[in-house]
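The values are calculated or read from the model by the stated rules, or taken from the named source; none is laboratory data. If you're wondering where the values come from, they're calculated on a predicted model, not measured in any experiment. With ideal geometry, Cβ positions are generated from the backbone for all residues, glycine too; neighbour counts draw on all protein chains shown.
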Ligand code: UGA
C-alpha cells in the first residue's frame, strides 16, 4: 500500500516506520524542516529504542522517505494517516487546530478513492469533522477511518508490531477491510466498529489503565498505614484473570503525554453531554496527590525541615526508556524541593536535556552519572525505574552519600538488595526498612 503519514511525532513516526517494515511504501510528512532534515540524515528526533535502526533499514530498502511537502506525499497515497498532536487546551479539552489544518491541506491533493485515517487521539465526533472539512474542499470521493493507537513509549515498536488488537472505526465496510488487510500480518484481533465507538474506545482504554494505577496507589497508601505490602497485594490481585497483573505497579503516579491529557479530555467529553464522570475525576485527583508521597516521606525523615538539605534525584523522565518528561511526576516533586530550599542533584540516563528545558536550572545541579548525583546527599529519591538504577551497587552508593537514606518512588529494590548496607529505606506501600 502507498501510505502518507502526516505528523512525525511519536505515533506518526513509529507507525510510519513499522508500516514500511511490513513492506508498504511510506512517506512521513512534517511541517518542521528541522525534524525532516534530521530524519533524512538518518537521525530520529525522539528517543525510542530500535527506531533509528529500523528507519535506516527501510530508507535503504527504498520503502520509507521523509518530506515536508504534504501535498506531494498525499497525491500518491492510497491511505493518508493523520497523526498530528492534539495538545490539551487550558480547559483540558483536546486542541484540534493541527487536525483541522492537516485535513484542509490534505483535501487540496487527495486522490479519488483514498482513505483518510485519524490515528491521533481525538474527541468523539472528530473523524466526522475531518470528513466534513475535507468534503468542503474537494469533490474527490474518499473514506474516513478512525484508527486509534495503543502503543507505549519505550516499547513502541513491539507494541506496533505485536498489538493486542487493532481497532478500525469506519462508515465504509470496504475501506475498513482495506485497512484491516494492512494490519493482518500483525494480528488476527482486528475489530471493526463505527467511527464514534473507535474514538471513545481509545479514551476508555487509557481511562481504565489510569484508574488501575490510581487504585493501586491508594491501596499502597493504605498498606503504609496498616503495615501491609502492596507488591504482595497487587500480585495476589493480578492472579485473578478478571483483574490481570498489568498496571498494578504502585509508585508516584502516572505521567506522560497520554494518561494525564486523555483522562482530562474524557472528563471534558463527558461534561459536554452533561455527564459528570466522577470516578475519573477522582482518578486524576489521586494521581495529582500521589507524587507528594515522596515529599511527605522526606518531611517525616527530616522532621519537617527540608531547607538546606541536599537531595539526589534519580530519574526525570515520566517512565524508563524514554526522554519524554511531559507531565513527569519529577517536575512537580523537584519544583517543590527547590521552592523549600533543598539543594537538588539530579541525574537521568537520557532525559536531562528535555527536563532542563522544561524546568530551568534554578536550584539544581545536573549530574552526568548516578553516583555523582548521590555524592554528599542527605537523601536519594528514585523517581523513574531505569534499569541502570536497579543494578546500582548499593554499598558503593552508601559510601558516597552523607546519610544513607533512600526513598524508592518506584519500588525498584527488594529487601535482599539492601542487605549489608545501612540504608534507611522507604518505598511506596511497603514497610520501611532501617
Ligand atoms: C499509554 C498507554 O499505555 C498506551 O496504550 C497508549 O497508546 C498511550 O498511552 C497513548 O495514548 O498514546 P504511555 O503513556 O507511553 O502509553 O506509557 P505507559 O507505559 O502506559 O505508562 C504511563 C504512566 O503510567 C507512566 O508514568 C508509568 O510510570 C505509569 N505506570 C504504569 C504506573 O505508575 N504503574 C503501572 O503499573 C504502569
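Out of all the residues in the range 181-191, which are buried (at least 18 other Cβ atoms within 10 Å of the Cβ) and over 24 Å from the mean Cα position of the chain (by Cα)? Spell out the reasoning first.
So the first thing to find is which residues in the range 181-191 are buried (at least 18 other Cβ atoms within 10 Å of the Cβ), and the list is 182-183, 190.
Correct list: 182 only.
For the range 139-153, the count of residues that are in contact with a helix residue (DSSP H, G or I) (Cβ under 7 Å, 6 or more places away or on another chain), assigned to a loop (DSSP other than H, G, I, E, B), modelled with pLDDT under 95 and away from the ligand (no atom under 16 Å from the Cβ) is zero. What tally of residues in the range 63-99 results from selecting those that are more than 27 Å from residue 327 (Cα to Cα) and in contact with a helix residue (DSSP H, G or I) (Cβ under 6 Å, 6 or more places away or on another chain)? Total meeting the criteria: 8. From the list 403, 395, exactly one residue is assigned to a loop (DSSP other than H, G, I, E, B) and not assigned by TED's automatic domain parsing to the domain that holds residue 231. Which is it? When all the criteria are applied, what remains is 403. For the range 202-211, indicate whether the set of residues that are loosely packed, with under 15 Cβ neighbours inside 10 Å, at pLDDT 95 or above and within 11 Å of the ligand (Cβ to nearest atom) is non-empty. Yes: the range 202-211 contains one or more residues that are loosely packed, with under 15 Cβ neighbours inside 10 Å, at pLDDT 95 or above and within 11 Å of the ligand (Cβ to nearest atom). Here is the figure for the range 159-201: residues that are under 17 Å from residue 14 (Cα atoms), in a helix (DSSP H, G or I) and within 12 Å of the ligand (Cβ to nearest atom) total 2. Against the numbered list (1) in contact with a strand residue (DSSP E or B) (Cβ under 9 Å, 6 or more places away or on another chain); (2) free of Cβ contacts under 8 Å to residues at least 40 places away in the same chain; (3) not assigned by TED's automatic domain parsing to the domain that holds residue 350, residue 300 comes up short only at (3).
Pick out the one residue from 269, 216, 222, 243 that is within 11 Å of the ligand (Cβ to nearest atom) and either over 26 Å from residue 154 (Cα atoms) or not assigned by TED's automatic domain parsing to the domain that holds residue 149 (or both).
Exactly one of 269, 216, 222, 243 is within 11 Å of the ligand (Cβ to nearest atom) and either over 26 Å from residue 154 (Cα atoms) or not assigned by TED's automatic domain parsing to the domain that holds residue 149 (or both), namely 216.
Scan the range 309-326 and tell me whether some residue there is farther than 17 Å from residue 385 by Cβ and within 15 Å of the ligand (Cβ to nearest atom). The answer is yes; a qualifying residue exists.
Hey, which of the strands (runs of 3 or more DSSP E) in the range 273-373, taking only ones fully inside, have at least 1 residues that are surrounded by fewer than 17 Cβ atoms within 10 Å (Cβ to Cβ)?
364-366
Between 234, 250, 228, the distinction of being more than 30 Å from residue 354 (Cα to Cα) and within 9 Å of the ligand (Cβ to nearest atom) belongs to 234 only. Selection of strands (runs of 3 or more DSSP E) fully inside the range 1-105 by the criterion of at least 2 residues being within 23 Å of the chain's Cα centre (by Cα), over 27 Å from residue 272 (Cβ atoms) and away from the ligand (no atom under 16 Å from the Cβ) returns 25-29.
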